[in-house]
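Read the structure below first, then the notes.
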Amino acid sequence: MKKFFLSLLFLFSTLVFAKIPERAVSTAHFTTEILLTIGAEEHMVGTAYLDNPILPKLKNKFEKIPVLSNKYPTKEKFYSVKPDFVTGWKSLEKPKNLGPREELEANGVRVHYLKSLEDENIETLYMDILELGKIFGVEKNAQSFVEKMKEELKAIEAKIPRTKKKIFAYDSGEKQPFVIAGKGMGQFIIELAGGENITAYLPGSFGNSTWEKIIIGNPEYIIIVDYGDDSYESKVKYLKESSPIKNLKAVRKNRFIKVSLAGVSPGVRIVDEVKNVARALHGIDL
């Protein structure tokens with residue numbers, strides 16, 4: 001492949017890639033699905049850390065790429081595929097995982113993170129997808145997908161009733177609930193689907209609340225984030241049988257809404273997750 005220089009001006013920062021990555025590794029579910037969706041699979045040599053089953057429409061592409069690990073691969077396994085590019089959560093840089101950026105880049109691996117990990121809003125996600133399209137030389141695919149997302153979300157928004165339903169969005173935790181907070185894709189999904197997040201006062205995309213505040217908030221529905229070994233079913237069982245909110249009406253009436261962690265991360269599932277939540281809240285056909 002001929003070398004070329006690609007300079008991307010993005011939110012006041014410039015990234016320069018000497019060439020299109022040929023041996024990319026994705027270490028997060030959401031980045032894996034973005035890359036497969038925009039047609040970058042021929043440039044991928046490994047994936048890792050799935051939170052949920054891969055989207056059925058991406059399964060054939062996914063199965064052609066080696067899965068290096070169910071979580072983070074060892075450094076030995078990672079370098080065995082001779083990567084030249086890595087993306088995913090920033091935790092990949094922890095010493096126990098793949099090591100710091102300086103070490104990765106010294107070994108010829110370019111490190112790329114989505115801006116929407118820090119600035120989690122839908123416009124930044126659109127820009128992230130377009131940027132990956134440019135990096136991998138699949139700009140038209142990325143542009144087409146972003147335009148489709150915009151059209152679908154606009155159509156959904158037009159059908160959502162104005163009356164908001166109060167939501168408790170539970171991720172995990174027993175001593176204190178770890179919840180979807182006031183920023184990020186989870187909050188965006190709740191708002192667009194016609195919900196009011198009772199823990200939106202918390203900063204960031206996720207945070208710790210208290211059971212007392214959840215009881216005072218008296219939610220009408222409970223969103224439960226499903227992933228890995230910490231399953232939806234086990235969380236429902238805990239909330240119904242032994243949690244401090246087991247007597248809330250939403251719990252007694254089984255008003256639970258299952259969402260995937262991949263769905264509330266900055267990725268390609270946003271539209272489907274908005275539809276999922278909106279149907280549960282309002283009983284509308286989308």
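The values are calculated or read from the model by the stated rules, or taken from the named source; none is laboratory data. These numbers come from a predicted model, not from an experiment. No Cβ is skipped: glycine too gets one built from the backbone with ideal geometry, and neighbour counts run over all protein chains shown.
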Every pair of residues 6+ apart whose Cβ atoms lie under 7 Å, when the first sits in region 68-81 and is under 16 Å from THR32 (Cα atoms) while the second is in a helix (DSSP H, G or I): LEU68/LYS77; LEU68/PHE78; SER69/LYS77; TYR72/LEU92
Members of region 126-172 that are under 30 Å from PRO244 (Cβ atoms) and either polar (S, T, N, Q) or within 20 Å of the chain's Cα centre (by Cα) (or both): THR163, ILE167, PHE168, ALA169, TYR170, ASP171, SER172
Count - residues of region 50-70 that are touching a Gly at 6+ places or on another chain (Cβ under 9 Å) and either at pLDDT below 95 or in a helix (DSSP H, G or I) (or both): 5
Residue in region 80-90 that is of a type outside the set (Phe, Trp, Tyr), over 30 Å from GLN187 (Cβ atoms) and assigned to a helix (DSSP H, G or I) present: yes
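Residue-by-condition table, conditions (1) polar (S, T, N, Q); (2) within 25 Å of GLY263 (Cα to Cα); (3) out of contact with any helix residue (DSSP H, G or I) (no Cβ under 9 Å at 6 or more places or on another chain); (4) in the same structural domain as GLY263 (by the TED database):
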site	(1), (2), (3), (4)
LEU58	no, yes, no, no
LYS61	no, yes, no, no
LYS64	no, yes, no, no
VAL81	no, no, yes, no
LYS94	no, yes, yes, no
HIS112	no, yes, no, no
SER116	yes, yes, no, no
Yes/no for ILE129 being touching a helix residue (DSSP H, G or I) at 6+ places or on another chain (Cβ under 9 Å) and assigned by the TED database to the domain that holds GLY228: no
Pair list, Cβ < 6 Å and 6+ apart or interchain, from region 250-263 residues that are within 20 Å of TYR227 (Cα to Cα) to residues that are aromatic (Phe, Trp, Tyr) and part of a strand (DSSP E or B): ARG255/TYR221; ILE257/TYR221; LEU261/TYR227
Unique match (being free of Cβ contacts under 8 Å to residues at least 12 places away in the same chain and in the same structural domain as LYS258 (by the TED database)) among SER243, SER205, SER231, SER209: SER231
Every residue from region 233-283 that is in a loop (DSSP other than H, G, I, E, B) and either loosely packed, with under 14 Cβ neighbours inside 10 Å or in contact with a Leu (Cβ under 6 Å, 6 or more places away or on another chain) (or both): SER242, LYS246, ASN247, LYS253, ASN254, PRO266, GLY283
Residues satisfying the stated conditions in region 102-134, i.e. surrounded by fewer than 18 Cβ atoms within 10 Å (Cβ to Cβ), part of a loop (DSSP other than H, G, I, E, B) and at pLDDT below 95: GLU118, ASP119, ASN121
Scope region 156-205; condition surrounded by fewer than 15 Cβ atoms within 10 Å (Cβ to Cβ), among the basic types (Lys, Arg) and in a loop (DSSP other than H, G, I, E, B); matching residues: ARG162, LYS175
Criterion: modelled with pLDDT of 95 or more and either within 26 Å of the chain's Cα centre (by Cα) or surrounded by 20 or more Cβ atoms within 10 Å (Cβ to Cβ) (or both) - qualifying residue of ILE224, ILE216: ILE224
